[in-house]
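Undergrad: Please read through the structure below; I'll follow up with questions.
The values are calculated or read from the model by the stated rules, or taken from the named source; none is laboratory data. Fair warning: this is a prediction, and the values are worked out from it, not measured in the lab. Here the Cβ positions follow ideal geometry from the backbone for every residue, glycine too, while neighbour counts run over all protein chains shown. Heavy atoms of the whole protein, side chains included, go into the accessibility calculation; ligands, DNA and RNA do not. Shrake-Rupley method; radii C 1.70, N 1.55, O 1.52, S 1.80 Å.
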Amino acid sequence: MLLPPSETKAEGGEGRFAARALSYPALIRPRAIVLDVLVELARDPAAAAAVLHLGPKGAPLAERNRSLRRAPVRPSIERYTGVVYDGLDIATLSPAGRAWVDDHVAIGSALFGLVRSADPIPAYRLSASVTLPGLPLRAHWAPAVSRVLQRTGEWVLDARSAAYAALGPAPAGSATLAVESEGADGRRTALNHWNKLHKGRLVRALAESAAQVSSRDDLLAWAASTGVRLEPRGATDVTLVIPA
């Protein structure tokens, strides 16, 4: 399952960042290129804050990118703290549920391209919407990340936002996850910000039930057996339906 990252990050950690500790070694070189540009940009905190869309008071946040190479690390699933991760609530998962997440969840990243749940990463500031000097992120990441996903041979349930999906489109046959709210009158509306919370809750439900899913049919069968309302959409995608 592919998740988006979050702008907010947990602070602290242990040890020191090591690029070779991350999954997907084919991404080592593209990661190094983005890291070099980001660290260099951080030498001018005010300019970095402008590029990173942090506003006039964002210089201290931008400046911490200067120390990424020696920064402490935490597993990526613990580093990201946005709404998706509120829904997942990794700290309260059972040991078996946590093991499922580590085995099945990958996270898109504007800095690292793609990481697994247990990969140790530092806190950083960089989003998919940023245009780094001389380095368009979409053109940089999309071919490399797509190749990595293709080579895994795994079926993908893609819960990323459009901006992060563009940094590495999933292979043909993957399912994109949408979330809709259904009112008492049966009318549906697409959830915007809060769709992330329900995506996180879906991951939690999959993890705690130790779901074995390798196709859309498997996912729909799991949903039917657990009371989760998932419906097919188009030839390959799925919609999670939430009561209003």
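Undergrad: Cβ contacts < 6 Å: first residue in contact (Cβ under 8 Å) with a residue 24 or more places away in the chain and surrounded by 15 or more Cβ atoms within 10 Å (Cβ to Cβ), restricted to the stretch 82-104; second residue in a helix (DSSP H, G or I) and charged (D, E, K, R), any location; separation 6+ or different chain. Result?
TA: What qualifies is 83/196; 84/196; 84/199; 87/201; 88/204; 97/208.
Undergrad: Take the residues in the stretch 184-203 that are farther than 19 Å from residue 7 by Cα and in a loop (DSSP other than H, G, I, E, B), then tell me which one is nearest to the chain's Cα centre (by Cα).
TA: Per the stated criteria, the residue is 191.
Undergrad: Report whether or not residue 23 is open to solvent by less than 10 Å² (accessible area, probe 1.4 Å), within 22 Å of residue 106 (Cβ to Cβ) and of a type outside the set (Phe, Trp, Tyr). Reasoning before the result, please.
TA: Working: open to solvent by less than 10 Å² (accessible area, probe 1.4 Å): no; within 22 Å of residue 106 (Cβ to Cβ): yes; of a type outside the set (Phe, Trp, Tyr): yes.
No: the conditions fail for residue 23.
Undergrad: May I pose another question? Looking at the stretch 32-44, can you tell me whether even one residue there is surrounded by fewer than 14 Cβ atoms within 10 Å (Cβ to Cβ) and under 27 Å from residue 159 (Cα atoms)?
TA: Taking the stretch 32-44 first, the residues surrounded by fewer than 14 Cβ atoms within 10 Å (Cβ to Cβ) are 32-33, 36, 43.
Filter again for under 27 Å from residue 159 (Cα atoms), leaving 32-33.
Looking for residues that are surrounded by fewer than 14 Cβ atoms within 10 Å (Cβ to Cβ) and under 27 Å from residue 159 (Cα atoms), one finds at least one in the stretch 32-44, hence yes.
Undergrad: Filter the stretch 59-105 down to the residues that are among the aromatic types (Phe, Trp, Tyr) and touching a Ser or Thr at 6+ places or on another chain (Cβ under 7 Å) and list them by number. If you could, list the steps in order and put the result at the bottom.
TA: Going through the stretch 59-105, the residues among the aromatic types (Phe, Trp, Tyr) turn out to be 80, 85, 100.
80, 85, listed by residue number.
Undergrad: If you don't mind, another one. Find the residue count for the stretch 121-152, including only residues that are among the small types (Gly, Ala, Ser) and either part of a helix (DSSP H, G or I) or open to solvent by less than 10 Å² (accessible area, probe 1.4 Å) (or both).
TA: Narrowing the stretch 121-152 to residues among the small types (Gly, Ala, Ser): 123, 127-129, 134, 139, 142, 144, 146.
Next, only the ones that are either part of a helix (DSSP H, G or I) or open to solvent by less than 10 Å² (accessible area, probe 1.4 Å) (or both) stay: 139, 142, 144, 146.
Qualifying residue count, the stretch 121-152: 4.
Undergrad: Let me ask something additional. Please identify the pairs in which a residue from the stretch 53-73 that is closer than 19 Å to residue 131 by Cβ has its Cβ atom under 9 Å from the Cβ atom of a residue that is among the basic types (Lys, Arg), counting only partners at least 6 apart or on another chain.
TA: Final answer for the pair search is 54/125; 58/125; 61/125; 62/125; 65/125.
Undergrad: So which residues in the stretch 26-66 are of a type in the set (Gly, Ala, Ser) and at pLDDT 95 or above?
TA: To start, the set of residues in the stretch 26-66 that are of a type in the set (Gly, Ala, Ser) comprises 26, 32, 42, 46-50, 55, 58-59, 62.
Those that are of a type in the set (Gly, Ala, Ser) and at pLDDT 95 or above: 26, 32.
One line per residue, one yes/no per condition, for (1) without any contact (Cβ under 8 Å) to a residue 12 or more places away in the chain; (2) more than 17 Å from residue 27 (Cβ to Cβ):
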{"position": "110", "(1), (2)": "no, no"}
{"position": "114", "(1), (2)": "no, no"}
{"position": "126", "(1), (2)": "no, no"}
{"position": "132", "(1), (2)": "no, no"}
{"position": "147", "(1), (2)": "no, no"}
{"position": "158", "(1), (2)": "no, yes"}
{"position": "171", "(1), (2)": "no, no"}
{"position": "186", "(1), (2)": "yes, yes"}
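Undergrad: Among the residues of the stretch 153-183, write down those that are surrounded by 14 or more Cβ atoms within 10 Å (Cβ to Cβ) and part of a helix (DSSP H, G or I).
TA: 163, 164, 165 - these are the residues of the stretch 153-183 that are surrounded by 14 or more Cβ atoms within 10 Å (Cβ to Cβ) and part of a helix (DSSP H, G or I).
Undergrad: Going by the conditions given, is residue 118 open to solvent by 40 Å² or more (accessible area, probe 1.4 Å), within 22 Å of residue 201 (Cβ to Cβ), in contact with an Asp or Glu (Cβ under 9 Å, 6 or more places away or on another chain) and without any contact (Cβ under 8 Å) to a residue 60 or more places away in the chain?
TA: Values: open to solvent by 40 Å² or more (accessible area, probe 1.4 Å): yes; within 22 Å of residue 201 (Cβ to Cβ): yes; in contact with an Asp or Glu (Cβ under 9 Å, 6 or more places away or on another chain): yes; without any contact (Cβ under 8 Å) to a residue 60 or more places away in the chain: yes.
Yes: the conditions hold for residue 118.
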